[in-house]
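Worksheet: the structure to be examined is printed underneath.
Derivation of every value follows stated rules applied to the coordinates shown; laboratory data play no part. Here the structure is a predicted model, which is why all the values come from computation and not from measurement. A quick note on method: Cβ atoms are made from the backbone with ideal geometry, for glycine too, and the neighbour counts reach across all protein chains shown.
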Amino acid sequence: MNDITNGLPNRLPSLVADTQATLDRIARDFSPAVFASSLAAEDMVLTDLILRAGLPIGIFSLDTGRLHPETLAVVDAVKARYGYDIALFHPNQQAVDQYVAANGINAFYDSIEMRRSCCGIRKVEPLGRALAGNRAWVTGQRRAQSTTRAELAIEEIDAAHGMTKFNPLADWSEDDVWQYLRDNQVPYNALHDQGFPSIGCAPCTRAVQPGEDVRAGRWWWENPDSKECGLHMVDGKLIRIKSVAA
Ligand code: SF4
């Protein structure tokens with residue numbers, strides 16, 4: 001594997017080396033494995049590491065039908081930079097149509113239940129299809145992103161999907177992410193330069209003020225402790241599973 005840590009300052013070289021080692025181990029010991037990219041800054045770090053190393057970890061994203069055009073443009077940027085086609089998984093159109101007909105196009109503002117129901121249709125069900133048949137999946141989650149991720153482990157058992165889940169960037173700070181992207185000239189979502197540190201669906205994401213929590217703009221009308229989309233939850237509850245890493 002290429003040594004891409006030369007010239008990186010401070011703690012970043014060891015973080016990159018540890019993350020490379022985790023990704024190598026996933027590719028070696030957990031094949032077939034996939035990386036669920038939300039096309040945000042963290043995910044571009046992992047995309048760059050996986051694709052430049054040529055690791056056999058497939059990359060996919062959930063096209064919920066409500067993404068910003070800037071987010072979808074990242075798919076094209078990855079194709080242009082790495083020659084790689086990120087696989088896009090879409091929601092079941094009949095389920096979307098039924099939800100909208102019964103509740104309206106933006107019913108997720110009405111209650112947490114309505115919001116989770118929309119996430120269930122547009123994210124959770126397609127995620128299950130994307131993960132089917134794999135032994136492990138990878139996310140770009142970081143511990144520092146929110147109160148709901150404070151106990152995030154690098155390696156977890158995902159009981160809901162019956163596989164191992166890796167969060168290789170759990171130890172990374174936001175500064176680490178941006179240092180890496182700058183040093184390696186990795187393409188990223190243009191919304192990050194417009195006050196969006198965390199990016200989800202367009203109607204559920206807004207820009208934040210300087211100093212605000214990085215996920216303050218996600219589902220901003222809800223309590224911080226409820227701000228997950230269900231992709232990392234079991235039976236509607238956040239799973240707190242101890243690391244099984246050696
Ligand atoms: S983030 Fe908003 S629009 Fe996207 S799936 Fe969840 S509730 Fe629906």
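Within a 10 angstrom radius of the beta carbon, how do C118, C204 rank from fewest other beta carbons to most?
With the fewest neighbours first, C118, C204 line up as C204, C118.
Once you place label points 7 Å from the Cα toward the Cβ at N10 and R129, how far apart are they in nm?
4.2 nm
Computed on alpha carbon atoms, what radius of gyration and Dmax characterise segment 1-93, expressed in Å?
For segment 1-93, the Cα-based Rg and Dmax read 14.4, 48 Å.
For segment 12-238, what does the relative contact order come out to in percent, with C-alpha contacts under 8 Å and a separation of six or more? Numbers along the way, then the final one.
Working: 348 pairs, mean separation 53.6, N = 227.
Computed value for segment 12-238: 24 percent relative contact order.
Over segment 12-238, what portion of Cα pair distances is larger than 31 Å, expressed as a whole percent?
16 percent
Mind listing the long-range amide H neighbours of L88? Cut-off is under 5 Å, sequence gap 5 or more, other chains count too, H placed in the peptide plane at 1.01 Å from N.
Long-range HN contacts for L88: S61.
Given Cβ point charges of +1 (Lys, Arg) and -1 (Asp, Glu) and nothing else, what value in debye, to the nearest 20, does the dipole of segment 12-238 about its Cα centre take?
Working: 22 positive and 30 negative charges, 83 e Å.
I would put it at about 400 debye.
Of the peptides 135-143, 24-32, 213-221, how do they stack up when ordered by the mean number of other Cβ atoms within 10 Å, highest first?
My ranking of the peptides, most packed first, is 135-143, 213-221, 24-32.
What is the Cα centroid distance between segment 12-76 and segment 167-198, reported in whole angstrom?
Comparing the Cα centres of segment 12-76 and segment 167-198, I get a distance of 13 Å.
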